[in-house]
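A short worksheet on the structure shown next.
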Amino acid sequence: MLSLYNLSIRLYFFLIYIVSFFNQKARLWLNGRSVQQVTKSGPSIWFHFASLGEFEQGRPVLEQMRNLHPSKKIVVTFFSPSGYEIRKNTPLADHVYYLPLDTKYNARDFINAIQPELAIFTKYEYWYHYFNELNKQHIPLYIISGIFRPNQVFFKWYGSLYRKMLTFVTHFFVQDKQSVELLKGVGITNVTVSGDTRFDRVWANAQQPKNLPIIAGFTGESKLFVAGSTWPQDEELIAKLITQYPDWKFIIAQHEIGEEKINKLISLLPENSVIRFSNLTPIAIKAQTLIIDNIGMLSSLYQYGHIAYIGGGFGAGIHNTLEAAAFGLPVIFGPNYERFKEAKDLISLHAGFSIGNEEELKQAAGKLISDQLFYVDASTAIKKYVEEHVGATETIIEHITVATRVKNKDSRIKT
């Protein structure tokens, strides 16, 4: 089984190499790893994130660790360029790297270089050789905001290698009780239901959002529909909605903001009704639709909104609904949400709405726009939901702190 795993890793690398000739993201993935030099450091705390979303999810724990251990080196790694390229200069870390390909020798050399005293992985990312090397060197490994589903490879008859990876984890902090039961079913009991650290992150952001006067000026007295992390299929539906509500303002923040994608979106919208953020001035705020052509604003935009549409639901899965929810915005998203517990929770609260086509989007938006009582109930319920789920970071930090003290005490006794 390990031989097949090693082969799949090498095949993945080969595919990335081929795709890199015509795909910028693959090229960044490959070139970033080929040129980086890992600095040998003293004892560190290692955080790994798959991408930008997981970074934001695990950020509350990262911030707390930075505050609690100011003298320790913090090492952050990313698997995806979308995380590395945006957060490579984060002040929360002393070193930021692409995670080298998961081979036995890469894992050994990387871990020996950064000398982690503990490692924290957020939600996803299970790499056999890294986990095995941490285990061999008796370095504690924690999974935070983990979530497990019956269809994952860990619980399949052919998933023995992946089940073995689970045994290398010191402790799991998971989002729900189903994850506890699934892990228990394969013999893993070192598990705590802590909840999802994203709630801590989005709630903190909602309490002190970045003030954006020019956005307030664009919105004026109008109601605002914010579409975040959208993909082309989302945008085709939203464009048709815009013409129905001329009294509303719309902001669209695409998941990818290349010129070609922005121009494609503009072509879908009524002529002379749209403006890019880079061209927005107090004189030009009369446009109905604003396209965000930079990265990093979305979480602050929701404070001005009334309804949110979250993209990705017609592809691999929806993006972050909680950023909007923390501001009390009812959320609309596409049909692919089954992997996201919070989306299912919001639907059950009648504060989240899954749509599969233009007509369903019109119905969901129309209900929220025309029925004020329904809107207020949805807005109240969604904000309360976020507030009630805050606290995962405190649970995680407390457990790790106690475990670290016990480990250090045991070390002193042995010596």
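The values are calculated or read from the model by the stated rules, or taken from the named source; none is laboratory data. Small disclaimer: the values here were computed from a predicted structure and weren't measured. As a convention, Cβ positions derive from the backbone with ideal geometry for all residues, glycine included, and neighbour counts pool all protein chains shown. We work out accessible area using only protein heavy atoms, side chains counted, and drop any ligands, DNA or RNA first. Shrake-Rupley method; radii C 1.70, N 1.55, O 1.52, S 1.80 Å.
Per-structure values
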{"quantity": "Over 21 Å (Cα to Cα) - which of K88/K261; K362/K383; K177/K341; K341/K362 fall in this group", "calculated": "K88/K261; K362/K383; K341/K362"}
{"quantity": "Cβ-based charge dipole, the range 206-312, positive-most Cα from H255, A227, P209", "calculated": "P209"}
{"quantity": "Under 17 Å from the Cα of K264 - lysines, other chains or at least 8 residues apart", "calculated": "K240"}
{"quantity": "Surface share of carbon and sulfur [accessible, 1.4 angstrom probe, percent] for the chain", "calculated": "53"}
{"quantity": "Kirkwood-Stokes translational diffusion coefficient of the range 259-341, alpha-carbon pairs, 4 °C, 1.567 mPa s, µm²/s", "calculated": "90"}
{"quantity": "Electrostatic dipole magnitude of the chain [Cβ: Lys, Arg +1; Asp, Glu -1; Cα centre; debye, to 20]", "calculated": "1640"}
{"quantity": "For the chain: relative contact order, % (alpha-carbon pairs under 8 angstrom, 6 or more apart)", "calculated": "12"}
{"quantity": "√(5λ) per eigenvalue of the Cα gyration tensor, the range 96-162, largest first, Å", "calculated": "23, 14, 11"}
{"quantity": "For the range 168-243: relative contact order, % (alpha-carbon pairs under 8 angstrom, 6 or more apart)", "calculated": "23"}
{"quantity": "Candidates per chymotrypsin sites (Phe, Trp or Tyr not before Pro) in the range 155-185, loop by DSSP, up to 15 other Cβ within 10 Å", "calculated": "W157, Y158"}
{"quantity": "Reach of K104 by Cα under 15 Å, taken over aspartates and glutamates that are not fewer than 8 positions away in the same chain", "calculated": "E133"}
{"quantity": "Surface per residue (accessible, 1.4 Å probe) for the range 148-286, Å²", "calculated": "51"}
{"quantity": "Total charge dipole magnitude, the range 104-249, about the Cα centre, Cβ charges on Lys, Arg, Asp, Glu only, Debye to nearest 20", "calculated": "480"}
{"quantity": "Unit charges on C-beta of K, R, D, E only; dipole of the range 94-147, Debye", "calculated": "160"}
{"quantity": "Calculated diffusion of the range 160-319, Stokes-Einstein form, Kirkwood radius summed over Cα pairs, 4 °C and 1.567 mPa s, µm²/s", "calculated": "71"}
{"quantity": "Using alpha-carbon coordinates, inclination of helix 52-68 to the longest axis of the chain, degrees", "calculated": "60"}
{"quantity": "Linear extension gain, E221 paired with Q115, 0.36 nm per residue minus alpha-carbon span", "calculated": "32.6 nm"}
{"quantity": "Paramagnetic label zone (point 7 Å from Cα along Cα-to-C-beta, L68; backbone N under 15 Å) in the range 167-182", "calculated": "171-173"}
{"quantity": "Cβ-derived FRET efficiency at R0 22 Å, F168 paired with N6, nearest 0.05", "calculated": "0.85"}
{"quantity": "Estimated distance in nm for a label pair at L101 and K40, the labels positioned 7 Å out from Cα along Cα-to-Cβ", "calculated": "2.5"}
{"quantity": "Whole-number D in µm²/s for the chain (Stokes-Einstein; Kirkwood sum over Cα pairs; 4 °C, 1.567 mPa s)", "calculated": "56"}
{"quantity": "Residue of I382, I295, I275 that the Gaussian network model of the chain assigns the largest fluctuation, springs spanning Cα pairs under 10 Å", "calculated": "I295"}
